[in-house]
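Reading through the structure tokens given below for one structure.
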Amino acid sequence: MSELATTTAIRLDGVGKTFVDARTGAPQTVLDGFSLTVDEGELVALVGASGTGKTTLLHIVAGLSTPDRGTVEIGRPRLGVVFQQPRLLDWLPVRQNVVLALEAAGLDPDAADTVLEAVGLTRYAGSYPSVLSGGQRQRVAVARAFAVEPDLVLLDEPFSALDELTARKLRLLLQELWMSRPRTGLLVTHNPLEAALLADRVLVLAGSPARVAAEHRIERERPRSAEDPYLFDLHTRIVAALA
Amino acid sequence: MGPAALFVVLAAAAWQLMAVLVDSVLVPGVGDVAGELVGIVVDGSFAQHLGITVLRVALGFALAFVVAVAAGIAMGRNEFVRRFGEPAVLLGLTIPGLVWALLCVIWFGVGLANPVIAVALSSAPALALTIYQGVRSVDPDLLEMAHVYRFSRTTRLRRLWLPALAPSLFAGARLGLSLGWKVIVLVEVFGMSSGVGYQLNNAFAEQNVAAVLAWTLLFAVVMAVLEYGVLQGLERRAGRWRKAVIV
Ligand SMILES: Nc1ncnc2c1ncn2[C@@H]1O[C@H](COP(=O)(O)OP(=O)(O)OP(=O)(O)O)[C@@H](O)[C@H]1O
Ligand SMILES: [Mg+2]
């Protein structure tokens, strides 16, 4: 991995990824010659139809998947990841799930209580994940990702399983995370208003292999409000680009 | 009366009925069997020989467990090892315990190695297979999660692999034990001068059916307590989190 410019946190260059269907053997090129640069402290939202390769992209950035072609430059930042599924250890209580990530990061395990309170799960701290609803489990995953003081935050539809009121609270929590210290982030979402509200830049992905169909920069101070007409206007343009 | 107790009473009654109807020394009544049973318990011979047998099973099983855990994990993690080990495991599964018993008596004579190796050989393949399947069923999504959060090797082992493998480990232990104690009796019949199998052989030589039954019953009860009492208790503890779903 080569030296990165001080302000560049992630650089994907000409990245290609082809999956081969295990049953039919048919190849599918999800990414081809895909390039993306994300600055230090910048939150980039990825929106786009189901199956365009957003999760694939996130997994490449997380180091979980190696591209077939092209180069990936990322340092070794501390990761906070919310996968599309919660991925909790079902045999450990909720709090312990967060504590393990904290301990691995060398942080105070008691920070788990603060973050569980922030996602509204204090009374489930001692429960096993199996008694939680889908949305509650997703909130544990969010708590785990935010708890570890991440340098790079990867969020794959983190709020999609939540009711609107809870989602709003967590969006605010995410804004607060960025206000406490800007971090580099990728946020995959199917909600264009959410993308406009949270991100510094929105990329609309389309096609197969995926390409950037539209790009919007959002220069607005945090905390931002969903009532902001500027963001609402932006969201309509994202929707238009998606169509 | 609980259903289990009811079964014991009915089985004893049916046996007694058969003994009365057949009326032969080859089918002793419940009273005779009970007499033998009390006899071998009171004079200490049961405890002594059972102790020896259990020690042999335990050593052989421990050996099999260590080898099988290593082999099963290696097979689950590495394609070459899997393809290399699979024929051995499948072959091992089909070889009757009796063959291992005979071979070990011939090869290792009357020492402790004979029963221990026979037990290990007969239980290791089943154990390895169960553990291998367990390793394959560990959720790769969780391994990815552990990777991005940089869990240490110890954490991964204790908090991810061990709990995820627990059901296979218990299933393997139960299977291995049940195979092991069947083989140990054979080994002791053929080549040992102590142990439950040796006593069964003595009883057989004297045509003492009551003694055969008494030894078998006691031994079976002890093994059942081990398998269902101890193992199931441990398993329930390890699987406590699962219960949360039902409540
Ligand atoms: N491991 C895999 N093996 C084969 N095909 C895969 C694999 N992972 C992803 N794909 C394929 O790659 C394409 C992109 O998948 P990906 O999960 O990245 O989409 P996505 O944009 O995240 O979609 P969604 O919004 O539904 O989550 C899909 O067509 C999928 O079938
Ligand atoms: Mg996805």
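The values are calculated or read from the model by the stated rules, or taken from the named source; none is laboratory data. Just so it is clear, the structure is predicted and the values come from calculations on it, not from any experiment. When we count neighbours, we look across all protein chains shown, and the Cβ atoms used for this are built from the backbone with ideal geometry, even at glycine. In case anyone asks, the SASA skips ligands and DNA or RNA and just uses the protein heavy atoms, side chains included. Shrake-Rupley method; radii C 1.70, N 1.55, O 1.52, S 1.80 Å.
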Open item on the list: Just to verify a result, which residue in segment B:39-51, among those that are open to solvent by 50 Å² or more (accessible area, probe 1.4 Å) and of a type in the set (A, V, I, L, M), is nearest to the chain's Cα centre (by Cα)?
Closed with: B:Ala47
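Results for (1) under 17 Å from A:Leu154 (Cα atoms); (2) surrounded by 12 or more Cβ atoms within 10 Å (Cβ to Cβ), shown as yes or no for each residue.
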| position | (1), (2) |
| --- | --- |
| A:Thr8 | yes, yes |
| A:Pro27 | no, no |
| A:Asp32 | no, yes |
| A:Thr37 | yes, yes |
| A:Val47 | yes, yes |
Task: Scope segment A:187-227; condition without any contact (Cβ under 8 Å) to a residue 24 or more places away in the chain and of a type in the set (Asp, Glu); matching residues - done: A:Glu215, A:Glu219, A:Glu221, A:Glu227
Open item on the list: Looking at A:Ala243, A:Ala213 in this structure, which one is surrounded by fewer than 20 Cβ atoms within 10 Å (Cβ to Cβ), more than 14 Å from chain B (Cβ to nearest Cβ) and within 16 Å of ligand 1 (Cβ to nearest atom)?
Closed with: A:Ala213
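Conditions tested, residue by residue: (1) of a type outside the set (Gly, Ala, Ser); (2) more than 16 Å from ligand 2 (Cβ to nearest atom); (3) touching a strand residue (DSSP E or B) at 6+ places or on another chain (Cβ under 6 Å).
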position	(1), (2), (3)
A:Arg11	yes, yes, yes
A:Lys17	yes, no, yes
A:Ala45	no, no, yes
A:Thr56	yes, no, yes
A:Thr71	yes, yes, yes
A:Gly75	no, yes, no
A:Arg87	yes, no, no
A:Gly106	no, yes, no
Task: Odd one out for A:Val188 among (1) within 15 Å of the chain's Cα centre (by Cα); (2) within 15 Å of ligand 1 (Cβ to nearest atom); (3) open to solvent by 30 Å² or more (accessible area, probe 1.4 Å) - done: (3)
Open item on the list: Being hydrophobic (A, V, I, L, M, F, W, C), closer than 24 Å to A:Ala145 by Cα and part of a helix (DSSP H, G or I) is true for just one of B:Leu177, B:Leu143. Which residue is that?
Closed with: B:Leu143
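Restricting to segment A:154-172, name every residue that is within 16 Å of ligand 2 (Cβ to nearest atom) and closer than 19 Å to A:Glu42 by Cα.
A:Leu154, A:Leu155, A:Asp156, A:Glu157, A:Pro158
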Task: Hey, B:Ala166 at pLDDT below 95, within 14 Å of chain A (Cβ to nearest Cβ) and part of a helix (DSSP H, G or I) or not - done: yes
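Yes or no: A:Ser50 of a type outside the set (Lys, Arg) and either away from ligand 2 (no atom under 16 Å from the Cβ) or not assigned by TED's automatic domain parsing to the domain that holds A:His216 (or both)?
Against the criterion (of a type outside the set (Lys, Arg) and either away from ligand 2 (no atom under 16 Å from the Cβ) or not assigned by TED's automatic domain parsing to the domain that holds A:His216 (or both)), A:Ser50 does not qualify.
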